[in-house]
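Taken together, the values in this text are just the output of simple stated rules run on the coordinates, not laboratory data. What you see is a predicted model, and the numbers here were worked out from it, not measured in a lab. Cβ placement follows ideal geometry from the backbone for every residue including glycine, while neighbour counts extend to all protein chains displayed.
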Amino acid sequence: MDMTETELLQLLARGEDSRHQFKRDATNADSLAAELAALANSGGGCVLLGVADDGSVLGLDAAAVRRLNQLLSNAASQHVRPPLSPVSHNVLTA
């Protein structure tokens, strides 16, 4: 299911909680894997990349999206046991 901009903004307005984590960026597969494993072990959730801790959208350029999709895939498959199969969505905002 793709998320609309309106749905994203509503989710961001609620702030971080045990199922929704905001990350400005991710560069380390081990720390991203730890975040994914914690969410998986607690029943699931979302890591929203390109979002500041206060919920403001910082955004990502196309190169960052490609890099983060690769990092997410590597972290989930190579740094978590058993491997995870996360689903990613890119949301365009105005």
TODO: Kindly provide the helix-only [θ] at 222 nm of the chain, computed as the sum of -39,500 (n - 2.57) over DSSP H runs of four or more divided by all residues, to the nearest 500 deg cm²/dmol?
DONE: -13500 deg cm²/dmol
Task: Options Q70, L48, H89, ranked by Cα towards positive dipole end of the chain, top entry (Cβ charges) - done: Q70
- [ ] Show me 30-40, 60-70 ranked by packing, highest mean number of other Cβ atoms within 10 Å first.
- [x] 30-40, 60-70
Open item on the list: Name the residue from A26, L60, Q10 whose Cα lies farthest towards the positive end of the charge dipole of the chain, charges +1 on Cβ of Lys and Arg and -1 on Cβ of Asp and Glu.
Closed with: A26
- [ ] Report ³J(HN,Hα) in whole Hz for each residue of segment 86-92, in order, from the Karplus equation J = 6.51 cos²θ - 1.76 cosθ + 1.60 where θ = phi - 60°; Gly and Pro get x.
- [x] x, 10, 10, 9, 9, 10, 7
TODO: In whole Hz, with x marking every Gly and Pro, tabulate ³J(HN,Hα) for segment 11-22 from phi via Karplus 6.51 cos²θ - 1.76 cosθ + 1.60, θ = phi - 60°.
DONE: 5, 5, 5, 6, x, 6, 8, 5, 10, 9, 10, 9
Task: Test item: Cα-centred dipole of the chain, Lys/Arg +1 and Asp/Glu -1 on Cβ, debye - done: 300 debye
- [ ] Quick one: which residues, 5+ away or cross-chain, put their amide H under 5 Å from the amide H of F22? H built at 1.01 Å from N.
- [x] L48
Task: Positive minus negative residues near H89 (Lys, Arg vs Asp, Glu; Cβ under 13 Å) - done: -3
Task: Space enclosed by the convex hull of the alpha-carbon atoms of segment 20-78, per residue, Å³ - done: 71 Å³
